[in-house]
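Please read the structure below before turning to the comments.
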Amino acid sequence: MTSPRRTWTFSSMRSKTRPSLDEGENYFRRRLFSSFRSDRREQRSQGQEDDIDKRRAFSDGEIETNKGVFLPGEDQPDMGAMKRFSTLFSSFRGKISKDRTGKEPDLPASTELSHVEEKAKEQRYASGQFFFEYLVVVRPKKTKDGIYEPQIIYQFPKKDGMVRFQKEEEEKTLKALTLFCFPEGVNWAPLSEYPSETFSFVLTDVDGTRKNGYCRRLLPDGKGARLPEAYCIISNLACFGLFSKIFDEVEQRRKFSMAMIYPFMQSLRESAFPAPGHTVNIKSFIPERGTEIISLTRPTDSWLEHVDFRTLFKCLSDEEVLQVFAATVLERRIIFIADELGTLSQVIHAVAVLLYPFIWQHTLISIVPEILIDVVMAPTPYLLGVQKSLADQATDQTELLVVDLSEGRKETFIKCMGDEDTILPHKLKDEIKQALSAKNEKSSLEELNRVVPEAFLPFFIKTVGHFAKYIVRKGKDQRGEFQRTNFCKAIESKSTRRFVKTFVQTQMFDLFIQEMEQRPASQDGTGLFDKKIAEYQKRMREKAKKN
């Protein structure tokens with residue numbers, strides 16, 4: 001039995017200069033732009049209930065799913081426009097495979113599995129137990145025309161036992177990955193110095209299924225001018241810190257030879273992904289160091305394991321973070337500008353996590369390639385990362401918040417709506433700032449993972465934490481019905497009530513409430529958000545007794 005054909009979109013890319021566009025690529029860009037100009041005419045159908053698990057990366061506190069750990073928010077949109085986006089990008093990938101007629105370089109041999117073994121491993125991977133699906137190494141290769149084109153020089157494991165269309169789909173995806181690793185491939189030339197950089201992206205299927213991509217670009221050891229390499233891991237799992245450590249190990253082995261990478265990745269692939277707070281030990285051999293045990297520990301808070309708040313608070317002051325947060329809460333169009341792709345991806349993912357327990361439901365593209373720069377003209381909400389070299393093409397729209405993250409910038413907000421400082425209730429905003437004062441420039445990642453959630457989560461507890469009281473059920477096993485009007489009226493503070501009346505109109509709140517309505521009554525109060533609400537209400541009752 002063959003698996004259904006899948007079409008993947010690429011949620012992050014990097015490009016420095018606009019390549020020349022032939023007729024096919026121009027057609028792709030025109031179709032992409034027209035798809036975003038279409039208004040959202042598709043109303044929620046009866047089948048929407050079945051889509052909620054796919055459209056929400058996590059419910060109230062539970063990120064773990066039967067497919068592994070999902071990253072909040074990336075390309076999890078109003079599905080009409082993004083389905084068209086996915087289909088168009090699939091066509092673009094098809095064109096790539098036709099245009100590149102050069103022979104692929106031979107890949108190093110890898111151990112092939114029997115069909116039965118591969119089937120068993122695929123089932124295990126589908127359950128979220130495998131660390132990764134495959135690793136590819138990409139390097140620019142000089143073509144007959146004298147330009148550099150990125151090509152895969154190593155893939156592990158190399159899959160077999162696939163039917164023709166599955167193989168064709170994989171080839172298209174892998175070729176598109178080369179563009180992601182080196183989208184500016186035609187401009188590459190041998191280098192003597194190049195700082196390594198690590199970034200992440202997401203592949204999103206039209207049905208909402210996701211795979212996470214992690215990439216490290218570096219200059220291999222050697223003398224004189226040479227070409228950089230990109231190591232790209234595709235995984236069902238979202239844990240940036242863990243995969244960064246894996247890249248460190250891969251890089252160490254690459255110093256000896258490409259062949260040294262294989263046994264380490266083989267051991268890793270055969271190891272189960274650890275539960276939150278647990279460690280997996282990988283046995284590996286390196287010349288001059290012998291056999292050693294590599295320990296990979298997964299963070300206790302799984303919903304924070306894909307983000308690094310240090311970059312966000314290094315680039316922006318607390319006040320600036322709050323203004324970005326305010327615009328994000330109201331689902332506005334936001335563009336981040338920076339030179340480094342790592343900065344863009346880390347900041348955007350961190351901003352999305354600030355919304356917990358809610359999820360950004362619209363377009364989120366960590367790094368927008370020049371060929372897709374027209375996405376900035378979309379009328380729907382988005383979070384986009386744009387390289388500074390493309391800033392002029394991205395900032396000529398109206399009703400935007402454009403945030404410059406680059407060092408030496410003249411101003412942080414290149415464009416804004418003007419009301420970002422007044423969106424959040426003044427008292428609650430001051431409370432967030434006070435909580436954030438517990439950190440400093442030297443705060444570790446662990447400290448930030450404690451301080452930042454403790455600063456932002458109470459905001460949602462105090463504004464909408466009473467939602468459960470206004471979900472009315474006619475029977476224990478019946479679907480609940482949210483009493484929106486009474487919910488808003490119950491808020492005593494006028495400024496908070498004014499904010500909540502706007503917030504309840506967002507798609508992220510709407511889908512959150514729909515999920516709470518459909519949640520079995522037996523699960524009420526069991527999620528992390530529910531528990532935090534109960535703790536807060538208990539403190540308030542104890543405080544009232546003392547007074």
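If the condition is being closer than 16 Å to F130 by Cα and either open to solvent by 20 Å² or more (accessible area, probe 1.4 Å) or of a type in the set (S, T, N, Q) (or both), then segment 281-294 contributes only N281. Out of segment 152-179, which residues are open to solvent by 30 Å² or more (accessible area, probe 1.4 Å) and of a type in the set (S, T, N, Q)? Q166 - this is the single residue of segment 152-179 that is open to solvent by 30 Å² or more (accessible area, probe 1.4 Å) and of a type in the set (S, T, N, Q).
On inspection, V464 qualifies as at pLDDT 95 or above, closer than 24 Å to K538 by Cβ and hydrophobic (A, V, I, L, M, F, W, C).
Among residues of segment 382-410 that are free of Cβ contacts under 8 Å to residues at least 60 places away in the same chain, those with a beta-carbon under 6 Å from a residue that is open to solvent by 10 Å² or more (accessible area, probe 1.4 Å) and of a type outside the set (K, R) at least six positions away or on a different chain give the pairs K388/D339. Of the listed requirements (1) crowded, with 20+ Cβ neighbours inside 10 Å; (2) at negative phi, T297 misses just one: (1).
For segment 447-467, indicate whether the set of residues that are within 24 Å of the chain's Cα centre (by Cα) and in a loop (DSSP other than H, G, I, E, B) is non-empty. Checked against the condition, which is being within 24 Å of the chain's Cα centre (by Cα) and in a loop (DSSP other than H, G, I, E, B), segment 447-467 yields no hits at all.
Just to be sure, is S444 in contact with a helix residue (DSSP H, G or I) (Cβ under 6 Å, 6 or more places away or on another chain), over 30 Å from D524 (Cα atoms) and not assigned by the TED database to the domain that holds G527?
Spelling it out, it is not the case that S444 is in contact with a helix residue (DSSP H, G or I) (Cβ under 6 Å, 6 or more places away or on another chain), over 30 Å from D524 (Cα atoms) and not assigned by the TED database to the domain that holds G527.
Taking (1) more than 17 Å from L330 (Cα to Cα); (2) loosely packed, with under 14 Cβ neighbours inside 10 Å; (3) of a type outside the set (D, E, K, R); (4) out of contact with any Phe, Trp or Tyr (no Cβ under 9 Å at 6 or more places or on another chain) in turn, V472 satisfies each apart from (4).
Any chance you could count how many residues in segment 385-431 are open to solvent by 30 Å² or more (accessible area, probe 1.4 Å), touching a Lys or Arg at 6+ places or on another chain (Cβ under 7 Å) and at pLDDT 95 or above? So the count comes out to 0.
Here segment 501-539 is the region considered, the condition is being part of a helix (DSSP H, G or I), free of Cβ contacts under 8 Å to residues at least 60 places away in the same chain and open to solvent by 80 Å² or more (accessible area, probe 1.4 Å), and the residue that is nearest to L355 (Cα to Cα) is K501. Selection of segment 240-275 for residues being more than 15 Å from F156 (Cα to Cα), in contact (Cβ under 8 Å) with a residue 60 or more places away in the chain and of a type outside the set (F, W, Y) yields G241, L242, S271, A272. Among the residues of segment 383-428, which ones are more than 24 Å from the chain's Cα centre (by Cα) and of a type in the set (A, V, I, L, M, F, W, C)? Scanning segment 383-428 gives I414, C416, M417, I423, L424, L428. Hey, any hits in segment 324-335 for a residue that's more than 27 Å from N212 (Cβ to Cβ) and among the polar types (S, T, N, Q)? Within segment 324-335, not a single residue is more than 27 Å from N212 (Cβ to Cβ) and among the polar types (S, T, N, Q). Scanning segment 486-500 turns up no residue that is open to solvent by 80 Å² or more (accessible area, probe 1.4 Å), part of a helix (DSSP H, G or I) and within 30 Å of F240 (Cβ to Cβ). Checking each residue in segment 120-151 for being surrounded by fewer than 16 Cβ atoms within 10 Å (Cβ to Cβ), in contact with a Phe, Trp or Tyr (Cβ under 7 Å, 6 or more places away or on another chain) and modelled with pLDDT of 80 or more picks out only K142. Set side by side, the residues L341, L322 differ, and just one is over 17 Å from the mean Cα position of the chain (by Cα) and in contact (Cβ under 8 Å) with a residue 24 or more places away in the chain, which is L322.
Residue check: is K429 in a helix (DSSP H, G or I) and assigned by the TED database to the domain that holds I337? Taking the combined requirement at face value, the residue satisfies it.
The values are calculated or read from the model by the stated rules, or taken from the named source; none is laboratory data. Small disclaimer: the values here were computed from a predicted structure and weren't measured. Backbone-built Cβ (ideal geometry, glycine too); neighbour counts: all protein chains shown. To get the accessible areas, we keep the full protein, side chains included, count just its heavy atoms, and leave off ligands, DNA and RNA. Shrake-Rupley method; radii C 1.70, N 1.55, O 1.52, S 1.80 Å.
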